[in-house]
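A.B. asks: Mind having a look at this structure? Questions to follow.
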Amino acid sequence: MTLRLEYWSVAAQTTEALLAVNKSLEGSTLGAALIDLIYLRISQMNGCSYCIDLHTRDLRKSGESDARIDGLAGWQDSPLFSDREKAALAWAEAVTRIEASDAAWSELRKHYSDRELADITYAAAVINAWNRVAISFRHEAEGGRGSGRAEAASRP
């Protein structure tokens, strides 16, 4: 597939606005690992090869185990994820499907502060936005043909 448009260049201000959401989440008490797990899981659900590649590499660079990265698609039944992480992943998936149930919310509230609840929801929202942009413009993973890689400018 060929990159349809270098969106990060032609819509630089909008790209920067999305990046600002990512940047604000870097200071979250959730920690980078949980945020990247959310980004990776939602990207898996949405089938965004660019973001799957990016966040898999980020998790590996930060020391996340291959077993947890490889097992993320089946997190619900995996002993590799804590109840706290499972609550966040369940909520992120519910936000992605627009099925944010009271049951998922109740479980999430057991583990997180109000600010963290908002941060998890924003993390799910922003990665869904990045996935839709990357998929629509055919922004491929680093090894893909015609990826038009502009990581420094468009790092979701």
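Quick note: the coordinates plus some simple rules give every number you see, no bench work behind them. Here the structure is a predicted model, which is why all the values come from computation and not from measurement. Cβ atoms come from the backbone with ideal geometry, glycine included; neighbour counts cover every protein chain shown.
A.B. asks: What nm value, rounded to one decimal, do you get for the distance between residue 106 and residue 61 when each label is placed 7 Å out toward the C-beta?
C.D. replies: 4.1
A.B. asks: Given a Förster distance of 41 angstrom, what is the FRET efficiency for residue 13 paired with residue 83, based on the Cβ-Cβ distance and rounded to 0.05?
C.D. replies: After rounding, the FRET efficiency stands at 0.50.
A.B. asks: Also: When the Cα centres of the range 66-106 and the range 1-58 are compared, how far apart do they sit, in Å?
C.D. replies: Spelled out, the Cα-based centre of one part sits 18 Å from the other.
A.B. asks: Under 10 Å, Cα contacts only: if you run a Gaussian network model on the chain, which one of 115, 132, 41 comes out with the highest mean-square fluctuation?
C.D. replies: 115
A.B. asks: Now, a different point. Round to the nearest 10 and give me the degree value, 0 to 90, for the angle of helix 83-97's Cα axis relative to the longest principal axis of the chain.
C.D. replies: The angle comes out near 50 degrees.
A.B. asks: Mean-square fluctuation check for the chain, GNM, Cα pairs under 10 Å: which of 37, 72, 80 is largest?
C.D. replies: Highest fluctuation of the listed residues: 80.
A.B. asks: Please find, in a Gaussian network model of the chain (springs between Cα atoms separated by less than 10 Å), the residue of 36, 53, 77 whose mean-square fluctuation is greatest.
C.D. replies: Its mean-square fluctuation being the largest, the pick is 77.
A.B. asks: Okay, moving on. Give the Rg/Rh ratio for the range 7-136, taking Rg as the radius of gyration of the Cα atoms and Rh as the Kirkwood radius, to two decimals.
C.D. replies: 0.95
A.B. asks: State, as an integer percentage, the relative contact order of the range 7-136 based on alpha-carbon contacts under 8 Å between residues 6 or more apart.
C.D. replies: This gives 33 percent for the range 7-136.
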